[in-house]
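The values are calculated or read from the model by the stated rules, or taken from the named source; none is laboratory data. Computed from a predicted model, the values in this text were never measured in an experiment. Every residue, glycine among them, receives a Cβ derived from its backbone with ideal geometry; neighbour counts consider all protein chains shown. Each accessible area value is taken on the protein alone, full model and side chains, heavy atoms only, with ligands, DNA and RNA left out. Shrake-Rupley method; radii C 1.70, N 1.55, O 1.52, S 1.80 Å.
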Amino acid sequence: MNAFKKNLGFNLGLIVLGGAFVAGLVMAYLAYSGGVETAESLRRSTSTEAALLGGHSFGPGEAPVSLNDDNVKAAHADVAELAKHRDSLRAAITGNPDLAIPGRPTANGTELSALLRESVDGWRKQATDQGVKLAPNEPTTFGFHRYYQNPGTGPKRDFQKVDQQRQIIDFLVRQLIESRPAGSPLLIESVDREPIETFVVIPDGRPGAGTFGPDGEATRNEVDEFKPVRTLARPGLVDALSFRVRFVGHTATLRTFVNKIRNSGRPVAVTSIDVGTTTPEFEKLMGSPAAASPAAAAAPAAAGAATLSFFDQAPAAAAAPAAAATSASPDERRVTVVQRKLSAFVVQIDYLSLPEEKAPAGTEGEPKK
């Protein structure tokens, strides 16, 4: 220790030189490693460039496609064509933007609850004024039984989407009422909707089953809510709001209703149609099927005479003068073969839209310039 202190400057110099030597060795190693990585990266880039310039064969016996000016231009043309096709698909999904049915972005729970009750009352009055009957045992609330039967309650979330459903149901109800031919019976059994604001999976065909929402509050599946089994929704590509219109009437009403929806120019698609027999209660409520007219009841005798004359020409020739004097008109000879019966229809409809494009990360909340 004394020797070190006697030669302090010399020893410190040796320590500094040793540290510098070690640092030099470390820097040399790092430089060498970086040079190796750079050389490897350069080799990979050179290999990739050579492969691109040499071309790639997509099948045995096919000429390789290389990265040249002509192929680059063709690739840009393909991208432009794909973008054009994408825009055409988007336009086909959304339809005429002027006919879109958006929800009110300013709606809140209280305001929306009042709008729902006002709309349901308006649809019921419109049906009554037009001579359209409603289901008697469970008066239809057009998809909003959850809120209409519980005054003071309203949706707690997704106000704009629920208001959009309200406006879509208004469109569907009006189209259905206007589709009824004059004098034709029509009974609206229910208009069901997909309960998007409850985030509850509601199995089809199980009304009244209980479950819980995302916040832990108890929810109940209402009679006019359903989870669609068939839908055109595709996550990330197409959004859809599903509705189910159930009514009793004649086929002419169904045909007109479907055609009016398809030709409305709105982004609405019919996904399924079920046809069945109606119940005796609904038939009694809407009136029994029309009975055959007296002329139609008397027609079998005339029809039998016409059949005899067709196969037996001699009696026909002998009775021709009398038949000419007493023959009935074509309308009076018309025979009812099949009675017009009421049918129960279930039409499922999807309202289509494009998913909202999310803002790039880091741009949310920035003021618009």
With 10 Å bins from 0: P(r) over the stretch 40-199, alpha-carbon pairs, percent: 8, 24, 19, 12, 8, 12, 12, 5, 0
Rough spin-label spacing in nm, given labels placed 7 Å along Cα→Cβ, for E62 and M27: 5.5
nm² value of the averaged projected area, convex hull over the Cα atoms of the stretch 40-87: 4.9
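When the expected Rg is taken as 2.2 N^0.38 Å, what fraction or multiple of it is the alpha-carbon Rg of the stretch 70-122? If you can, show how the numbers build up before the last one.
Working: Rg = 21.4 Å, N = 53, 2.2 N^0.38 = 9.9 Å.
After normalising by residue count via 2.2 N^0.38 Å, the value is 2.15.
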Cα Rg, Dmax (largest Cα-Cα span) when computed across the stretch 1-71, Å: 28.0, 87
Contour minus Cα-Cα distance for Q167 and I15 (0.36 nm per residue): 46.2 nm
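May I ask for the percentage of alpha-carbon pairs in the stretch 64-158 that lie more than 18 Å from each other?
On the way: 3085 of 4465 pairs.
Value for the stretch 64-158: 69 percent of Cα pairs lie more than 18 Å apart.
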Violating pairs (Cα-Cα greater than 31 angstrom) within the set K156/K284; K125/K161; K125/K341; K156/K260; K84/K156: K156/K284; K156/K260; K84/K156
Other-chain or far-sequence residues with amide H under 5 Å of T140's (modelled H): A135
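Given the Cα-Cα distance of N108 and Q160 and 0.36 nm per residue of separation, how much length would full extension add, in nm? It would help to have the intermediate numbers written out before the result.
Numbers: separation 52, 0.36 × 52 = 18.72 nm, distance 0.84 nm.
Contour length minus the Cα-Cα distance gives 17.9 nm.
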Relative pair counts by distance (%), Cα atoms of the stretch 128-174, 10 Å bins: 21, 48, 27, 4
Label-to-label distance, nm, for residues given as E49 and A75 (7 Å Cα→Cβ offset): 1.6
Heavy atoms of F159: accessible area, 1.4 Å probe, square angstrom to 10: 60
Burial order of peptide ranges 270-281, 145-156, 25-36 (average beta-carbon count within 10 Å, highest first): 145-156, 270-281, 25-36
Calculated P(r) of the stretch 1-127 - Cα pairs past 25 Å, %: 73
